[in-house]
Amino acid sequence: MTLLLWILVLGPLVAVLTQILIPGFFFGNRQFGQVTLLFDVFRRPLWQHALQNSLVLSISTAVMGTLIGASLAIFRSRWHFPTARWLDVSVWLLFVTPSFIIAQGWVLFAAKNGVAAQLLGADFVTSFIFHPIGLTFIMVLSKFPLAYLAVHAALEWQVESLSHAARLTGASPVRTWFTVHIPLLKPAIGSGMALVFMDAIGDFGITATVSAVYRFPTLPYTIYSAIYTSPIRFDMAGVLSFYLIIIIMLAIVFQFYMMKGSRYDSLTAGAVRTRQKKIASKGWIATTCNVLFLFLAIGIPIGCTVFTSFVHEPSKGLAMDNWTVAHYVDLFTSNSLFVVSLLRSIKIALIAALAGLLLGAMIAYVLIFTQFRFKHLLESMSLISLAVPGVVLGIGYIFVWNQKWLESYGLLLYGKPSILILAAIAGTIPIITRIISGTMATVPRTMLDVAQLQGVALSGRIFSILLPLCKSALVTAALSAFGASMFDLAVNSILFPPSQPTLPVMINKAFENLKFGYAAAATMLGGSIVTTLIITARWLLNLNMRRKYR
């Protein structure tokens, strides 16, 4: 398992760092001691702007996203109001929806010929969205769920004696929150902020989509441009990848500090689940604000994508002769790449999900049920790809799998679909491991020990006891990995073989070519098909379990 994780995750990351310290190491032109190249980021305008833009965008997103996410989580955990469950569902929907799809909807809404200008006459939206402030706005609405989920989980339990003690000393409800509850939420808030920051600075989808109409260089998109422009700039890709890794590592250190720097354990035997209070007279205010916020976060981007997919021209509005299904028909014409790219993505995602499930289940077993002395190292290796952006992982795969000497062994994978499968497996491992580990941790070790005392072999204990108890988690992990692999734009854009685009690459290329209706139709139909496959698989599992235990 350690060897496989090295091949899939750690090796490509080390390759990126090696390319920085020894330029040309992987291409036969080794130059030792060229560390001065690292300082070119402060001298070359494009490199400098990419670094500055990424830092400003990610820091602003982290602050605003955490503020919004934490505030919504606190309010949601304390109060019950109509449409409150809509907020929970919407948070998860935003969490699993690829950022480039959200950005695509905002571009369709805010473009000069988009919905806002043509239907609503709101010309100011264009100048607002296609501006650093507007990009931050889109990024915040896409990333705040990370902070929301972190803080909401921390608020599941509370020790009422702490707040009662504060109230007995004369503290007001507001002061009690700011002197008792907020300090206890410090680890969750800090962890959520770090997650928002890491996800924002490594995000490729939003800037790649917005670049079709507005140029705003960031580290991930500039790294991608360095590989897919002529001449190829491996030096620029390597240096910018190095800084991106360093920044994310600093964010991880910050997160560890927030989690372990001090003790914040407050749960005792007197802890109770947080009880929500009903908003009596002013519930309509909370409901209205919630609906407006969800319309802003989900309704506009998804709604504009649906609208654009069904009209000839958004500028003609809701006229009867403007409605059409021509964009969906175009998806199935002879020169369309939709069907073949969809099938290719499904094949890659399915193989990656199954292979990742096997490896992730093995890792989870080692972490939970063995005394392997280096299992914490194994766990860290399995989580690295969660923190490393897809563009950096993709660059590392190019360095590793584009070596001439591999051709004699049949392992020259660059330019072949198999490299996408390996990269997809690397991306699914942390998701699968986290999901399965949580369920395996609930299985008593004594059940396996008793079976072992009865002479049951390891394979028998796993297949007859552990896997049946973890069946639901295994399916959930596989389906989650399948969905994540289907729409991973960063890795697919870096590694897709020539003339063999995957679904996210095909959609993004159509968007870059200003074929907005076609791209919107491909997004909606492709997303619907993938969602239907996941829901159907889940339904079949539940049906099978109901029949089995009836």
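The values are calculated or read from the model by the stated rules, or taken from the named source; none is laboratory data. Quick caveat, the model's predicted, so the values are computed rather than measured. Cβ coordinates were reconstructed from backbone atoms using ideal geometry, including for glycine residues, and neighbour counts include every protein chain displayed.
Only residues that are more than 11 Å from Leu141 (Cα to Cα), in contact (Cβ under 8 Å) with a residue 12 or more places away in the chain and under 25 Å from the mean Cα position of the chain (by Cα): list them for the range 286-301, please.
Asn290, Val291, Ile300
Return yes or no: is Ala352 within 30 Å of Ala226 (Cα to Cα), modelled with pLDDT under 80 and surrounded by 17 or more Cβ atoms within 10 Å (Cβ to Cβ)? Spell out how you get there, then give the answer.
Details: within 30 Å of Ala226 (Cα to Cα): yes; modelled with pLDDT under 80: no; surrounded by 17 or more Cβ atoms within 10 Å (Cβ to Cβ): yes.
It is false that Ala352 is within 30 Å of Ala226 (Cα to Cα), modelled with pLDDT under 80 and surrounded by 17 or more Cβ atoms within 10 Å (Cβ to Cβ).
With (1) in the same structural domain as Met486 (by TED's automatic domain parsing); (2) in contact with a helix residue (DSSP H, G or I) (Cβ under 6 Å, 6 or more places away or on another chain); (3) farther than 28 Å from Asn492 by Cβ as the list, and Ser341 as the residue in question, which single condition is left unmet?
(3)
Which residue pairs have Cβ atoms under 6 Å apart, sit 6 or more places apart or on different chains, and have a first residue in the range 365-381 that is within 15 Å of Leu448 (Cβ to Cβ) and in contact (Cβ under 8 Å) with a residue 12 or more places away in the chain and a second that is in a loop (DSSP other than H, G, I, E, B) and among the hydrophobic types (A, V, I, L, M, F, W, C)?
Pairs that qualify, where the first residue is within 15 Å of Leu448 (Cβ to Cβ) and in contact (Cβ under 8 Å) with a residue 12 or more places away in the chain and the partner is in a loop (DSSP other than H, G, I, E, B) and among the hydrophobic types (A, V, I, L, M, F, W, C), are Val366/Phe372; Ile368/Ala441.
So which pairs qualify, if the first residue must be in the range 112-124 and in the same structural domain as Gly134 (by TED's automatic domain parsing) and within 17 Å of Ala520 (Cβ to Cβ), the second must be in a loop (DSSP other than H, G, I, E, B) and hydrophobic (A, V, I, L, M, F, W, C), the Cβ gap must be under 7 Å, and the two must be at least 6 apart or on different chains?
Ala116/Ala122
Among the residues of the range 208-223, count how many are surrounded by fewer than 21 Cβ atoms within 10 Å (Cβ to Cβ) and either in a helix (DSSP H, G or I) or in contact with a Lys or Arg (Cβ under 9 Å, 6 or more places away or on another chain) (or both).
1
If Thr136 satisfies every condition in (1) in a helix (DSSP H, G or I); (2) in contact with a Ser or Thr (Cβ under 8 Å, 6 or more places away or on another chain); (3) modelled with pLDDT under 90 but one, which is the exception?
So the condition that Thr136 fails would be (3).
Specify the residue that is modelled with the lowest pLDDT; the eligible residues are those in the range 144-169 that are closer than 28 Å to Ser99 by Cα and among the aromatic types (Phe, Trp, Tyr).
Applying the filter and picking the extreme gives Tyr148.
Closer than 22 Å to Asn290 by Cα, under 23 Å from the mean Cα position of the chain (by Cα), at pLDDT 80 or above and assigned by TED's automatic domain parsing to the domain that holds Ser60: is that true of Leu141 in this structure? Can you show your working first?
Details: closer than 22 Å to Asn290 by Cα: yes; under 23 Å from the mean Cα position of the chain (by Cα): yes; at pLDDT 80 or above: yes; assigned by TED's automatic domain parsing to the domain that holds Ser60: yes.
So Leu141 passes the test.
Of all residues in the range 275-323, count the ones that are surrounded by 15 or more Cβ atoms within 10 Å (Cβ to Cβ) and not aliphatic (A, V, I, L, M).
14
With the condition kept exactly as written, say whether any residue in the range 497-507 is over 30 Å from Leu10 (Cβ atoms) and more than 25 Å from the chain's Cα centre (by Cα). Please lay out each step first, then the result.
Looking only at the range 497-507, we keep the residues that are over 30 Å from Leu10 (Cβ atoms), and these are 499, 506-507.
Restricting the remaining residues to those that are more than 25 Å from the chain's Cα centre (by Cα) gives 499.
So far as the range 497-507 goes, yes, one or more of its residues are over 30 Å from Leu10 (Cβ atoms) and more than 25 Å from the chain's Cα centre (by Cα).
From the list Ser71, Ser77, Ser58, Ser90, which residue is exposed (fewer than 15 other Cβ atoms within 10 Å of the Cβ) and assigned to a helix (DSSP H, G or I)?
Values: Ser77 fails: exposed (fewer than 15 other Cβ atoms within 10 Å of the Cβ); Ser58 fails: exposed (fewer than 15 other Cβ atoms within 10 Å of the Cβ); Ser90 fails: exposed (fewer than 15 other Cβ atoms within 10 Å of the Cβ).
That would be Ser71, the only listed residue that is exposed (fewer than 15 other Cβ atoms within 10 Å of the Cβ) and assigned to a helix (DSSP H, G or I).
Tell me which residues, restricted to the range 371-415, are among the small types (Gly, Ala, Ser), within 22 Å of the chain's Cα centre (by Cα) and modelled with pLDDT under 85. Walk me through it before giving the result.
Within the range 371-415, the subset among the small types (Gly, Ala, Ser) is 380, 382, 385, 387, 390, 394, 396, 408, 410, 415.
Among the residues that remain, those that are also within 22 Å of the chain's Cα centre (by Cα) are: 380, 382, 385, 387, 390, 394, 396.
Hits for the range 371-415 are Ser380, Ser382, Ser385, Ala387, Gly390.
Identify all residues within the range 498-533 that are modelled with pLDDT under 85 and of a type in the set (A, V, I, L, M, F, W, C); write none if there are none.
Selection gives Leu514 alone.
For the range 341-383, which positions are of a type in the set (Val, Ile, Thr) and part of a helix (DSSP H, G or I)?
Of the residues in the range 341-383, the ones of a type in the set (Val, Ile, Thr) are 346, 348, 351, 363, 366, 368, 370.
Selection gives Ile346, Ile348, Ile351, Ile363, Val366, Ile368.
For the range 329-338, how many residues meet the condition of being out of contact with any Ser or Thr (no Cβ under 7 Å at 6 or more places or on another chain), surrounded by 16 or more Cβ atoms within 10 Å (Cβ to Cβ) and assigned to a helix (DSSP H, G or I)? Break it down into steps so the answer makes sense when it comes.
Initial filter on the range 329-338 (out of contact with any Ser or Thr (no Cβ under 7 Å at 6 or more places or on another chain)): 329, 331-338.
With surrounded by 16 or more Cβ atoms within 10 Å (Cβ to Cβ) added as a condition, the list becomes 331, 336-338.
Then keep just the ones that are assigned to a helix (DSSP H, G or I); that gives 338.
Final tally of qualifying residues: 1.
With the requirement that a residue be at pLDDT 85 or above and either touching a strand residue (DSSP E or B) at 6+ places or on another chain (Cβ under 8 Å) or charged (D, E, K, R) (or both), what does the range 416-448 give you?
Correct list: Lys416 only.
Can you spot a residue in the range 34-45 that is touching a helix residue (DSSP H, G or I) at 6+ places or on another chain (Cβ under 8 Å), at pLDDT below 85, surrounded by 19 or more Cβ atoms within 10 Å (Cβ to Cβ) and within 30 Å of Ser142 (Cβ to Cβ)?
yes
Suppose the filter is modelled with pLDDT under 80, of a type in the set (S, T, N, Q) and not in a loop (DSSP other than H, G, I, E, B); does Thr176 pass it? Steps first, please.
Details: modelled with pLDDT under 80: yes; of a type in the set (S, T, N, Q): yes; not in a loop (DSSP other than H, G, I, E, B): yes.
When the stated conditions are applied, Thr176 passes them.
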